[in-house]
Amino acid sequence: MFAVYLRLGFEHLLDLRAYDHLLFLAVLCAPYSAARWRELLVLVTAFTAGHSASLALATLGWVRPGAALVEFLILVTIAATAVANLAAVRSHASDARAAPITHRARYPAALTFGVIHGLGFSAFLRLALGSERSLFVPLLSFNVGLELAQVAAVTLFLALSFVATGVLRAPSKAWNVGVSVLGGAWALALATSRWPF
């Protein structure tokens, strides 16, 4: 049973048909280079803590948000992260003293956004569980699968950043702005068509 739900978690996060979580991770990683992997690790850990908590709460039935609202809010997290990236680029250019404040604010934001994404993960897991009586092993293994897939995705995005900025010599600012604008615009376009109210 552990291996089954581990695979489900891994494949769910990397499923290109449900790419919203990957798009979020791409935008989250956009400002970071491989040399800053420790900062990114802390940020991704905050995101992981958030989605692990809400995944457990929602799978156990303690929280039951509407699926349409959660899907919409996931798109909002992508757009908000993109805007934060662009604001940080602007603050670096205009006032270097504002940059540490903007950077510190990313951690509570990642934690909060993780809670929203965890609610999305739980909808899939609840469907996969069916009439399963024991929830502990499926919940644990699914979450481990998500984390392994997340590590793979973040590693891939850092490698792409290295190719773009290190091999092709694109400015890191241009890479950040490009990924953030594309990801944010895509999320906003989808959000307008999925307005749940």
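The values are calculated or read from the model by the stated rules, or taken from the named source; none is laboratory data. Everything quoted here is computed from the prediction, not taken from an experiment. No Cβ is skipped: glycine too gets one built from the backbone with ideal geometry, and neighbour counts run over all protein chains shown.
For the reader, a short list of remarks on this structure follows.
- Residues in segment 166-182 that are in a helix (DSSP H, G or I) and over 13 Å from residue 86 (Cα atoms): 166, 167.
- A Cβ distance below 9 Å, combined with a sequence gap of six or more or placement on separate chains, defines the contacts here; from segment 73-90, residues that are over 14 Å from residue 105 (Cα atoms) reach residues that are part of a helix (DSSP H, G or I) and among the basic types (Lys, Arg) in the pairs 89/173.
- A single member of 88, 53, 84, 96 is at negative phi and at pLDDT 95 or above, and it is 53.
- Subset of segment 104-139 that is in contact (Cβ under 8 Å) with a residue 40 or more places away in the chain and farther than 22 Å from residue 20 by Cβ - its residue that is nearest to the chain's Cα centre (by Cα): 138
- With respect to being under 16 Å from residue 80 (Cβ atoms), charged (D, E, K, R), surrounded by fewer than 18 Cβ atoms within 10 Å (Cβ to Cβ) and in contact with a helix residue (DSSP H, G or I) (Cβ under 8 Å, 6 or more places away or on another chain), residue 126 falls outside the description.
- Taken as a whole, the condition of being within 17 Å of residue 180 (Cα to Cα), surrounded by fewer than 22 Cβ atoms within 10 Å (Cβ to Cβ) and of a type in the set (Val, Ile, Thr) does not apply to residue 27.
- Residues of segment 9-50 classified as part of a helix (DSSP H, G or I), small (Gly, Ala, Ser) and more than 18 Å from residue 125 (Cα to Cα), total: 4
- Residue ID - modelled with the lowest pLDDT, chosen from residues in segment 129-140 that are part of a loop (DSSP other than H, G, I, E, B) and in contact with a helix residue (DSSP H, G or I) (Cβ under 8 Å, 6 or more places away or on another chain): 132
- So residue 40, is it surrounded by fewer than 20 Cβ atoms within 10 Å (Cβ to Cβ) and closer than 17 Å to residue 176 by Cα: yes
- For segment 53-83, a residue qualifies if it is crowded, with 20+ Cβ neighbours inside 10 Å and small (Gly, Ala, Ser), and the qualifying residues are 54, 58, 79, 82.
- Residue list for segment 166-189, restricted to those being among the basic types (Lys, Arg) and either surrounded by 14 or more Cβ atoms within 10 Å (Cβ to Cβ) or free of Cβ contacts under 8 Å to residues at least 40 places away in the same chain (or both): 169
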